[in-house]
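Remarks on the structure that follows.
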Amino acid sequence: MKSFGIAFFAVFALAASGIAQYKLEYKASGSIPLHYKAHATVEVVQTTMGQEQKINMVMDQYFSMAGKEAGSDELLFSTIIDSGESLVIMPTGDTNRISSPAVGKVKETRIRPNGEQLSSRWVDTVFASSQAAQVRDFGALFFKLPSSRIDTGATWTQDRIDTVGTPGAQGKIVVTTNMNYKLVGRNVIDGVTCARIQFEGKVALKGITSNQGMSFGIDGSGTNDGTALFDYSAGKMMKITGSSNQEIVMASTGENSMTIPVTQKTNYEISYSK
């Protein structure tokens, strides 16, 4: 009985001391690929010369990802798009089904175990220079994690600057993201105990694109928030559910100058599939 009491006291003292419970880091998956499904609904409203137009999209993609150690403190993940389709409902009411141009293409992403991204590239360079901008970026699976052990209630931040292309157009858009994360507890999904992380932040866009032969300046801002479930034992993301809202102004110059305000609302979910 005495030894039991000592053991109980030791466990209680350890818990009360505030020693962090979680070490969150990504781990190499090895030769067995991880399978994911991404689903998103997008509503775009733009006003051109006083006329409001609404476009609705539903996007589904399946992709597989495998990771390996690429040095003492680096992981290399290869992602291949297995299938993908978008359903687009135009202002006229017409419905178009579009297959993802990335099916069969491979993207390599090099990160630190804490999610810091070192590089990202499409292996097919011809595809990367032409159609890659039409594919949803799955970099959200590798958001930043704390480098040290943490406990429930811990918070951290991530600031990123990315330059992206625009689908079917010339030009580049600089995307600045400032995110806040908080470990709020645990959830069990498919029998796996995961750390539950809430996130919220702001996004700013600025750059140049083109549409129907006209050059447009892009200036916009928005918000992004949601919840992520991270399997801290296996070092992989299990599920991300989120939404984003963006207010964008497209402005052309020249003889036929015009300003087009655009509102975009997106709901998305990326989930692990056995």
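The values are calculated or read from the model by the stated rules, or taken from the named source; none is laboratory data. Computed from a predicted model, the values in this text were never measured in an experiment. Glycine also receives a Cβ, built like all others from the backbone with ideal geometry; neighbour counts cover every protein chain displayed.
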Screening T227, T253 for residues that are modelled with pLDDT under 95 and out of contact with any Lys or Arg (no Cβ under 6 Å at 6 or more places or on another chain) leaves only T253
Please enumerate the residues belonging to segment 235-274 that are of a type in the set (S, T, N, Q), over 24 Å from P113 (Cβ atoms) and over 16 Å from the mean Cα position of the chain (by Cα).
-> S252, T253, N256, S257, T259, T263, Q264
Kindly indicate whether any position in segment 81-103 is at pLDDT below 90, within 28 Å of L183 (Cα to Cα), among the hydroxyl-bearing types (S, T, Y) and surrounded by 16 or more Cβ atoms within 10 Å (Cβ to Cβ).
-> no
Name every residue in segment 30-55 that is β-branched (V, I, T) and without any contact (Cβ under 8 Å) to a residue 40 or more places away in the chain, in order of residue number.
-> I32, I55
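Taking into account only those residues within segment 29-63 that are small (G, A, S) and buried (at least 17 other Cβ atoms within 10 Å of the Cβ), which is farthest from the chain's Cα centre (by Cα)?
The first filter runs over segment 29-63 and keeps only residues small (G, A, S), leaving 29-31, 38, 40, 50.
Going one step further and asking which of them are buried (at least 17 other Cβ atoms within 10 Å of the Cβ), we end up with 29, 38, 40.
On the way: S29: 19, A38: 10, A40: 11 Å.
Filtering segment 29-63 for residues that are small (G, A, S) and buried (at least 17 other Cβ atoms within 10 Å of the Cβ), the one farthest from the chain's Cα centre (by Cα) comes out as S29.
Within segment 123-143, does at least one residue satisfy the condition of being modelled with pLDDT of 75 or more, buried (at least 16 other Cβ atoms within 10 Å of the Cβ), farther than 23 Å from S64 by Cβ and under 19 Å from the mean Cα position of the chain (by Cα)? Explain how you work it out, then say what you get.
To start, the set of residues in segment 123-143 that are modelled with pLDDT of 75 or more comprises 123-124, 141-143.
Cutting the leftovers down to buried (at least 16 other Cβ atoms within 10 Å of the Cβ) gives us 124, 141-143.
Imposing the further condition that a residue be farther than 23 Å from S64 by Cβ reduces the set to none.
The answer is no; no qualifying residue exists.
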So, of the residues in segment 108-121 that are at pLDDT 90 or above and either charged (D, E, K, R) or farther than 30 Å from Y181 by Cβ (or both), which turns out to be surrounded by the fewest Cβ atoms within 10 Å (Cβ to Cβ)?
-> E108
Residue that is surrounded by 14 or more Cβ atoms within 10 Å (Cβ to Cβ) and touching a strand residue (DSSP E or B) at 6+ places or on another chain (Cβ under 7 Å), where the choices are T157, T176, T259, T223 = T176
Would it be correct to say that I218 is among the hydrophobic types (A, V, I, L, M, F, W, C), under 30 Å from I32 (Cβ atoms) and in contact (Cβ under 8 Å) with a residue 40 or more places away in the chain?
-> no
